[in-house]
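Just so you know, all these numbers are worked out from the coordinates, no wet-lab data involved. Note that the structure is predicted; figures quoted are calculated from it, not measured. Here the Cβ is made from the backbone with ideal geometry for all residues, glycine too, and neighbour counts use every protein chain on show.
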Amino acid sequence: MALVAKITNLIALLVTVAWLARWPDWEPAALAISLLGTLVGLEYRDRKRVSDLTNTDRLEHDRTLFKQYAEILPEDRLRHEFDNDLFNHYTDLGFANRLSRFVEFAKLAEAEFLTDAVQADLLIARDAIEKLRGFILVHFFPPQGEQLPEDTDHVRLILYPELRQYADVPGELSDRYREYAKDLDRCVEGASGAFSKFRSTAKSELSV
C-alpha cells in the first residue's frame, strides 16, 4: 500500500508541475508544494519504519522471506533442471512458471531483504534467472504431434524440436541448433552461478 501511495503521489506531483509550468499561478504552486511534502513524508515514514526495527526483527524478517523464495524456487528442483533437463536441452512449463514467479516476486518492494548483501545478490540472481526464463519462453516449444497433458505444468518444452533431430547431422541446421544450445548453456551457467551466490550469501548472513 505504501508503494501505491508513493506512485500515486508522484504521478500527481508530475501532473501538477506540468500544470504549473504551463499556467504559473499560486494554486498549482501550492498544490505542488503540498504533494512534494506528502511524498517526502511517505519516504521518511518508510525509512523510519525500517530503521526502528531491531537487529533481531530484521533477521527474522529476512529469514522468513528467504523461506518464501525457497518455496517458490526450491534449490533441489533448480539443481535438477540445471544438471539434467536443461543440460539435455529440455524442461517443462511448470519450471518456466516457477522461474516467472521467482522473478516477479523479487520485483516487489515487500520482497526486499533488509540485509544489504543478501538483497544485492538477490537482484543479480533475479536478473540472471529472468534472462534464462526469457530464453526458454522464446526458444523452447512442445514436441510436434505430442498430446498435451491436462496439467499444463507437465507440458514438455524442447529447444527447437524441429532442429534437434538434425543436431548430429553435419550441416546448416545442425550449426543453428548448436548455436542456440551454446546460448542456452550461457544462460544456465549465469543463472546457476548467481542463484548459488545468492543462497550462499543468505545462508551466511542469516544463519539459515
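Below are the figures for this structure:
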quantity	calculated
L132 vs. criteria of a type in the set (A, V, I, L, M, F, W, C), touching a Phe, Trp or Tyr at 6+ places or on another chain (Cβ under 6 Å) and surrounded by 13 or more Cβ atoms within 10 Å (Cβ to Cβ)	no
Helices (runs of 4 or more DSSP H) wholly inside the stretch 66-160 containing at least 2 residues that are at positive phi and over 19 Å from the mean Cα position of the chain (by Cα)	none
Odd one out for T91, checked against (1) without any contact (Cβ under 8 Å) to a residue 40 or more places away in the chain; (2) surrounded by 17 or more Cβ atoms within 10 Å (Cβ to Cβ); (3) over 17 Å from S204 (Cβ atoms)	(1)
Hits in the stretch 138-176 - residues which are of a type in the set (V, I, T) and over 25 Å from S100 (Cα atoms)	V169
